[in-house]
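S.K.: Next up is a structure, given as structure tokens.
No value in this document is a laboratory result; all are computed from the given coordinates. None of the values given here were measured: they were computed from a predicted structure. When we count neighbours, we look across all protein chains shown, and the Cβ atoms used for this are built from the backbone with ideal geometry, even at glycine.
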Amino acid sequence: MRVEAYFADVRKTIELSPIVSLSNVSYEKRGTYEGIIRGRVQFVDNTVLEWREYVDVETNVDRLMYVYQYMTASMGLIFRYDNTGHHKKSGLPTYPHHKHLGHTGSVVPSDPMDLKNVLQEIQSIVELPS
């Protein structure tokens, strides 16, 4: 897959989400198969997701770096998934993949994450207006 096809998949994922009210996403091609995505999505309840990914899609979609930070309307952390290596000594079985929980401040194991799964989790939290 070429990186432009991955960028198109990301755009489609955002467009199909029933809870997204506004989005601002930038795409930076770093070669045929590599790219950086930075985005901010506002949801119908005014919560916000800010994220970035550095991907290599030559054979599989490999997220070399990712951060998905979900916040309240006043920018308080609800949760954040990332694969930054800052918890190397923590003994997390899923290192470097982990999740920060805003309400407790704790860090817990996490499977590798992607935008589609994060949006599904947020959709289970956000109530659609009636």
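S.K.: For every other residue with a beta carbon closer than 14 angstrom to the beta carbon of Val67, add +1 if it is Lys or Arg and -1 if Asp or Glu, then tell me the sum.
M.R.: Local net charge: +2.
S.K.: Starting at the first residue of the stretch 91-105, write each ³J(HN,Hα) from the Karplus equation 6.51 cos²θ - 1.76 cosθ + 1.60 with θ = phi - 60°, in whole Hz, x for Gly and Pro.
M.R.: x, 4, x, 9, 3, x, 6, 7, 10, 9, 9, x, 6, 10, x
S.K.: Right, something else. Which ³J(HN,Hα) values in Hz, rounded to whole numbers, follow from the phi angles of the stretch 55-66 under the Karplus curve 6.51 cos²θ - 1.76 cosθ + 1.60, where θ = phi - 60° and Gly and Pro get x?
M.R.: 3J(HN,Hα) across the stretch 55-66, in whole Hz: 10, 10, 10, 4, 10, 10, 7, 10, 8, 5, 8, 8.
S.K.: Residue separation times 0.36 nm, minus the C-alpha to C-alpha distance between Ala5 and Thr72: what's the value?
M.R.: Here the answer is 21.0 nm.
S.K.: Students often get this wrong, so try it: which of (i) 2, 10, 20, 22, 19, 15, 9, 3, 0, 0; (ii) 2, 11, 20, 22, 16, 11, 8, 5, 3, 1, 0; (iii) 2, 8, 13, 12, 9, 7, 7, 9, 10, 8, 3, 2, 2, 2, 2, 2, 1, 0 is P(r) over Cα pairs in 5 Å bins from 0, in percent as calculated from the structure shown?
M.R.: The calculated read-out lines up with (i).
S.K.: What number, rounded to the nearest 500 deg cm²/dmol, is the helix-based mean residue ellipticity at 222 nm of the chain, given -39500 (n - 2.57) per DSSP H run of at least four residues and division by all its residues?
M.R.: For the chain, the value works out to -6000 deg cm²/dmol.
S.K.: Which aspartates and glutamates have a Cα lying under 18 Å from the Cα of Lys12, excluding residues fewer than 8 positions away in the same chain?
M.R.: Hits, sequence-local ones excluded: Glu4, Glu28, Glu50, Glu53, Asp114, Glu121.
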